[in-house]
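Trainee: Mind having a look at this structure? Questions to follow.
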Amino acid sequence: MSTSSNDTPALLDVRDVSKSFGAVQVLRSVSLEVARGEVVTVIGPSGSGKTTLLRCVNFLESYDSGSIRIDGKEVGFRDPGTRQRRSERDLAAMRAETGMVFQSFNLFPHLTAAGNIMLGLRKVRGKSEAEARSIAEHWLGRVGLAHKADSLPAELSGGQQQRVGIARAVAMEPKILLLDEITSALDPELVGEVLAVVRSLAEDGMTMLMVTHEMAFARDASSRIVFMADGGVSAVGPPKEILAAETTNERLRTFLARFRASHF
Amino acid sequence: MLTQIAYALPFLAQGFALTLWVSLLVVVLSLIAGVLLGVGLVYGPAPLRWAVRIFSDTIRGIPILVLMFFVYYGLPAIGLHLPSFWAAVLALTLFKTAQVIEYLRGAVGSIPKGQSEASMAIGLTFRQRLAYVIFPQAFRRFLPPWINGVTDAVKGSALVSLLGITDLMQAINQVIGRTYEAMPLYILGALIYFAVNYALSLASRRLERRFSFIRE
């Protein structure tokens, strides 16, 4: 297991996390660190536990053992020893510190683009209507949708919806952004506009943990790539090392070969 | 004949007022209880879910008239004596509550899971998620069956006459008892019930149109 080379403590520290759905073990003692400002990409075959891992980080899913800390603070449990869940209020406050962008966008269909972004700012951050509106407009501008502030999600294309999804997450100023296969539901010609937004956030130093099948993007944008297989971390390293065709990791080599065969 | 009916109108109006009062009580009380229990059914811990499920299935499986007689004539056996008016309101409310639970479960259940997750992810608490994300979307699906239920409640309130309460139905029967003019009076009664329910469904359609902008 490699860890980040930084001396500063990791922003996200996942340690020995295991989880089962009934008889199926989906996470096997997963450990992973993400330093501040780092972009870490998780790749791996479907069913390898990538998405589940991401969902554990903001406690959309609980886990059976291990610990997940953000900025030194245990995410879902008051104390990992007793495994006593945090209160609803505590959990909500913890989740506000992590942003999440979903594969299926999950915009609120009854709210406008600006309204989607403002909801968390108003109700969780306690901002005034005017303040929330101006933050929403700022972020919509950043994702190239300033002119769509008052459009409903149904009036936007998939790529536009996902850019609103990203704006909604980052407007909360999370410590870390979780991206869960955010381009998988998009038509191929819309993928680029979404990835461009992610790239510009990365350049601004946003800490990100993302699951993606966009290998070229993972190679260009990530500080490190984590390869997961069968619920465990099978390899971690800089993109060049992980995506090298001559890797000695048997599973990784098979995955990459299969991936190349189907994508090129 | 007309003069006789005209003479009876103030009496019928009193009955009508009582019909509206019973309906209003039943509708409001069942809405509050049904939404609370429905939320318990969807989001509650297992024991609560089971309790609500058993309540709802049991109540909906009993004819409303049996339920009403049970509350009025049956409960005194365990020391609970309710005046006929409140026995009727309680029975009708229990019945309506079970229906509201199911409307709520259906409406909330139709909202994709991703909506809850997205609202969790931005840090909304359970109540905030319901108030700002789930209920506004579920409302559009809750409304049509619920308004149907309200019109059922208005019509069903005629059953309270069987406990000797002078609602519109009972008032009509009493006037018929004095005048022997069954046909025109029943037609008048039918028209009054119809007018109330037709107004309700018109209002419902307007409300539905107002919320039709929500598309998934």
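Read the figures in this text as sums done on the coordinates, not as results from a lab. On a predicted model such as this, the values are computed, not experimentally measured, just so you know. Here the Cβ positions follow ideal geometry from the backbone for every residue, glycine too, while neighbour counts run over all protein chains shown.
Trainee: Filter the strands (runs of 3 or more DSSP E) completely within segment A:14-83 down to those with at least 3 residues that are farther than 27 Å from A:MET206 by Cα and of a type outside the set (D, E, K, R). It would help to see each step written out before you state the result.
Mentor: Numbers: elements: A:24-34, A:39-43, A:65-70, A:77-79.
Correct list: A:24-34.
Trainee: Of all residues in segment A:218-254, count the ones that are surrounded by 20 or more Cβ atoms within 10 Å (Cβ to Cβ) and either charged (D, E, K, R) or closer than 20 Å to A:LYS19 by Cβ (or both).
Mentor: The total comes to 8.
Trainee: Output the number of residues of segment A:58-69 satisfying the condition of being within 13 Å of another protein chain (Cβ to nearest Cβ) and in contact with an Asp or Glu (Cβ under 6 Å, 6 or more places away or on another chain). First the steps, then the outcome.
Mentor: Going through segment A:58-69, the residues within 13 Å of another protein chain (Cβ to nearest Cβ) turn out to be A:58-62.
Restricting the remaining residues to those that are in contact with an Asp or Glu (Cβ under 6 Å, 6 or more places away or on another chain) gives A:60.
Qualifying residue count, segment A:58-69: 1.
Trainee: Give the residues of segment A:150-182 that are under 19 Å from A:GLU203 (Cα atoms) and part of a loop (DSSP other than H, G, I, E, B), sorted by residue number.
Mentor: Residues satisfying the conditions are A:ALA171, A:MET172, A:GLU173, A:PRO174, A:LYS175, A:ILE182.
Trainee: In addition: Collect the residues in segment A:156-182 that are out of contact with any helix residue (DSSP H, G or I) (no Cβ under 8 Å at 6 or more places or on another chain) and free of Cβ contacts under 8 Å to residues at least 60 places away in the same chain, keeping them in residue-number order.
Mentor: Selection gives A:GLU173 alone.
Trainee: Consider A:GLY99 carefully, then state whether it is in a strand (DSSP E or B), within 14 Å of another protein chain (Cβ to nearest Cβ) and either surrounded by fewer than 19 Cβ atoms within 10 Å (Cβ to Cβ) or not hydrophobic (A, V, I, L, M, F, W, C) (or both).
Mentor: So A:GLY99 fits the description; yes.
Trainee: Run B:LEU2 past the list (1) over 19 Å from B:PRO145 (Cβ atoms); (2) under 21 Å from the mean Cα position of the chain (by Cα) and report the number of the one that doesn't hold.
Mentor: It fails just one condition, (2).
Trainee: Before we move on, is A:ILE43 buried (at least 23 other Cβ atoms within 10 Å of the Cβ), β-branched (Val, Ile, Thr) and under 14 Å from the mean Cα position of the chain (by Cα)? Step through it out loud before you land on a result.
Mentor: Working: buried (at least 23 other Cβ atoms within 10 Å of the Cβ): yes; β-branched (Val, Ile, Thr): yes; under 14 Å from the mean Cα position of the chain (by Cα): yes.
Judged against the criteria, A:ILE43 is a match.
Trainee: Mind listing just one residue for me: the one in segment A:77-94 that is closer than 24 Å to A:MET210 by Cβ and out of contact with any Leu (no Cβ under 8 Å at 6 or more places or on another chain) and, of those, nearest to the other protein chains (Cβ to nearest Cβ)? Before you say what the answer is, go through the steps one by one.
Mentor: Of all residues in segment A:77-94, those closer than 24 Å to A:MET210 by Cβ come to A:91-94.
Adding the requirement that they be out of contact with any Leu (no Cβ under 8 Å at 6 or more places or on another chain) leaves A:91, A:93-94.
Numbers: A:LEU91: 8, A:ALA93: 6, A:MET94: 8 Å.
Step by step, filter segment A:77-94, then rank; the result is A:ALA93.
Trainee: I'd like to check which helices (runs of 4 or more DSSP H) are fully inside segment B:61-147 and have at least 3 residues that are within 14 Å of chain A (Cβ to nearest Cβ) and out of contact with any His (no Cβ under 6 Å at 6 or more places or on another chain). First the steps, then the outcome.
Mentor: Details: elements: B:64-69, B:84-109, B:113-121.
Hits in segment B:61-147: B:113-121.
Trainee: If A:PHE105 passes every condition in (1) under 18 Å from the mean Cα position of the chain (by Cα); (2) more than 13 Å from every other protein chain (Cβ to nearest Cβ); (3) under 26 Å from A:SER184 (Cβ atoms) but one, which one does it miss?
Mentor: A:PHE105 satisfies every listed condition except (2).
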